[in-house]
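> Right, I'll just put the structure down here and ask away after.
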Amino acid sequence: MSTVARNDLEQLQAQLELQKKLKNPGVTRKKIDKNEPLNKIREELGDCQRCPLAKTRTNLVFGAGDPDAQLMFVGEAPGRDEDREGIPFVGRAGQLLTKIIQAINMTRDQVYIANILKCRPPNNRNPEAEEIEKCYPFLQQQIKVIQPRIICALGAFAAQTLLQTKTPIGRLRGRGHPFNKHSLVIPTYHPAFLLRNPNKKRDVWEDMQLVIKLLA
Ligand code: URA
């Protein structure tokens, strides 16, 4: 068998195993209700006025998906569409993220999607230190409740914030980084970057294969 065919077969086997596991997590993951603690975090945020973004946002974007997900995606901050709908990754970049999730034979309902910031920075400018300081602790609490095995960091900002580093995304991606005792961070390029640089699709696909392998 050629190397390409063997890689395809291994990939298929990993995906089948992952699907089996997701349908029947067995004894490896105890089922506890994570909705309640997540709702508590949402309540604590309330009509958040902790940073200046409260003045310009339409909706706070808490996060969406399976509270028991083994795979979590973390982006930077809501954009215009997300601000309008209150749901993460629903604009053009979000549609590409949905395709990436489908490419690994999963659905948006099987993963959890959130951002470092819960409110849109005006004109999608870069998040500021004060905003991160006020907002990121809530994402940390969400991660603590969900306990995903893999946190896929979308783009430099998410990866650098989660890993507390200034290393460029091109050097962070391609491998797993320990995050806590439950989770590994796998950085990859942001879907919005991918829309502008389609030549990076192969790298993202490689990162997704690593995600599948580690989950299975
Ligand atoms: N970009 C992000 O980083 N997050 C979103 O929710 C949408 C676009």
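The values are calculated or read from the model by the stated rules, or taken from the named source; none is laboratory data. Computed from a predicted model, the values in this text were never measured in an experiment. Don't worry about glycine lacking a Cβ; one is built from the backbone with ideal geometry, like all the others, and counts go over all protein chains shown.
> Looking at the stretch 128-143, is at least one residue modelled with pLDDT of 95 or more, closer than 18 Å to Glu206 by Cα, away from the ligand (no atom under 15 Å from the Cβ) and more than 13 Å from the chain's Cα centre (by Cα)?
No, the conditions are met nowhere in the stretch 128-143.
> Continuing with this model, one more query. Identify, from the list Lys134, Lys118, Lys99, the residue that is of a type in the set (D, E, K, R), buried (at least 16 other Cβ atoms within 10 Å of the Cβ) and under 21 Å from Pro187 (Cα atoms).
When all the criteria are applied, what remains is Lys118.
> Only one of these is closer than 20 Å to Asp83 by Cα and either without any contact (Cβ under 8 Å) to a residue 24 or more places away in the chain or away from the ligand (no atom under 16 Å from the Cβ) (or both): Arg149, Arg125. Name it.
Only one candidate qualifies: Arg125.
> Somewhere in the stretch 55-74, is a residue of a type outside the set (Ser, Thr, Tyr), in a helix (DSSP H, G or I) and either within 13 Å of the ligand (Cβ to nearest atom) or in contact (Cβ under 8 Å) with a residue 40 or more places away in the chain (or both)?
no
> Within the stretch 195-216, which residues are in contact (Cβ under 8 Å) with a residue 24 or more places away in the chain and over 12 Å from Ile169 (Cβ atoms)?
Listed by number, the residues that qualify are Leu195, Trp205, Glu206, Met208, Gln209, Leu210, Val211, Ile212, Lys213, Leu214, Leu215, Ala216.
> Could you check how many residues of the stretch 37-47 are assigned to a loop (DSSP other than H, G, I, E, B) and either at pLDDT below 95 or of a type outside the set (Asp, Glu) (or both)?
Qualifying residue count, the stretch 37-47: 1.
Conditions tested, residue by residue: (1) away from the ligand (no atom under 16 Å from the Cβ); (2) crowded, with 16+ Cβ neighbours inside 10 Å.
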position: Leu163; (1), (2): yes, yes
position: Lys166; (1), (2): yes, no
position: His177; (1), (2): yes, yes
position: Val185; (1), (2): no, yes
position: Ala192; (1), (2): no, yes
position: Arg196; (1), (2): no, no
position: Asn199; (1), (2): yes, no
position: Val204; (1), (2): no, yes
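> Now, a different point. Scan the stretch 26-36 and give yes if some residue there is away from the ligand (no atom under 14 Å from the Cβ), modelled with pLDDT under 95, at positive phi and outside any strand (DSSP E or B), otherwise no.
Yes, because at least one residue in the stretch 26-36 is away from the ligand (no atom under 14 Å from the Cβ), modelled with pLDDT under 95, at positive phi and outside any strand (DSSP E or B).
> Do we find that Thr56 is out of contact with any His (no Cβ under 7 Å at 6 or more places or on another chain), at pLDDT below 95 and among the β-branched types (Val, Ile, Thr) in this structure?
For Thr56, the condition - out of contact with any His (no Cβ under 7 Å at 6 or more places or on another chain), at pLDDT below 95 and among the β-branched types (Val, Ile, Thr) - is not met.
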